[in-house]
Amino acid sequence: MSTSSFLSARFTTPFSRRMDEQVRRLPIVGVLGSGSEPHEEKAKPLGEWLAREGVHLLTGGGGGVMEAVSRAFRGIPDRKGLVIGIIPGDATDTGYAPKPGYPNPWVEIPIRTHLPKRGVEGTDPLSRNHLNVLTADVLVALPGSAGTASEVELALRYGRPVIAYLKTRDEIPNLPDKVEVALDIEAVKAFVRDRFGRQRKQQAILG
């Protein structure tokens, strides 16, 4: 037996095999929404479906919708994806501190940033919202306020696919007309799967 074969056999465990599956390049779906209101009626079925769909979940790592969708996602056994949280924080000459309440307990991969701006300052260059939007392959926006609106604005600026999962358009302030609104989970599923299908075709063309 070669050294590489021995090491592979020696150190391959059920845990390591699962980790190999999880770190494999899976699509990333970003979920945006209120940092204070969970909107469980939307966040729970969305998180559960995404876990079964074989994707990574990305949020801003805080409370409200971010926590609710992450909790639902992690509750699904044998999922392939992980919960990624982009964490706002303050970095100074004396150290670093995440914003209070971050990350929520369901985040599995916290990405701690030095970017403190949030809410009405969500499009500021010092906001981690840019990372949220640019890291995700597809974005789903649930009801929220200024911070959610800023992420939707950034999604349009950067040309990222985004759909709003709402009852009415005013559940996100000043939602641009060009953003499609899904009234039910089935419309969200169709949008996400369609965008992933387009991305796979483009990747195949590029080789």
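Data table
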| quantity | calculated |
| --- | --- |
| Pairs where the first residue, in the stretch 60-86, is under 17 Å from Val140 (Cβ atoms) and without any contact (Cβ under 8 Å) to a residue 40 or more places away in the chain and the second is aromatic (Phe, Trp, Tyr) and part of a helix (DSSP H, G or I), C-beta under 6 Å, 6+ apart | Val83/Phe73 |
| Enumerated strands (runs of 3 or more DSSP E) restricted to the stretch 1-115, each holding at least 2 residues that are at pLDDT 90 or above and in contact with a helix residue (DSSP H, G or I) (Cβ under 7 Å, 6 or more places away or on another chain) | 28-32, 56-59, 83-87 |
| Residues that are of a type in the set (Ser, Thr, Tyr) and either surrounded by 15 or more Cβ atoms within 10 Å (Cβ to Cβ) or within 22 Å of Val29 (Cβ to Cβ) (or both), drawn from the stretch 93-152 | Tyr102, Thr113, Thr123, Ser127, Thr135, Ser145, Thr148, Ser150 |
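The values are calculated or read from the model by the stated rules, or taken from the named source; none is laboratory data. Since the structure is predicted, the reported quantities are computational estimates derived from the model, not experimental observations. Virtual Cβ from ideal backbone geometry, glycine too; neighbours counted across all protein chains shown.
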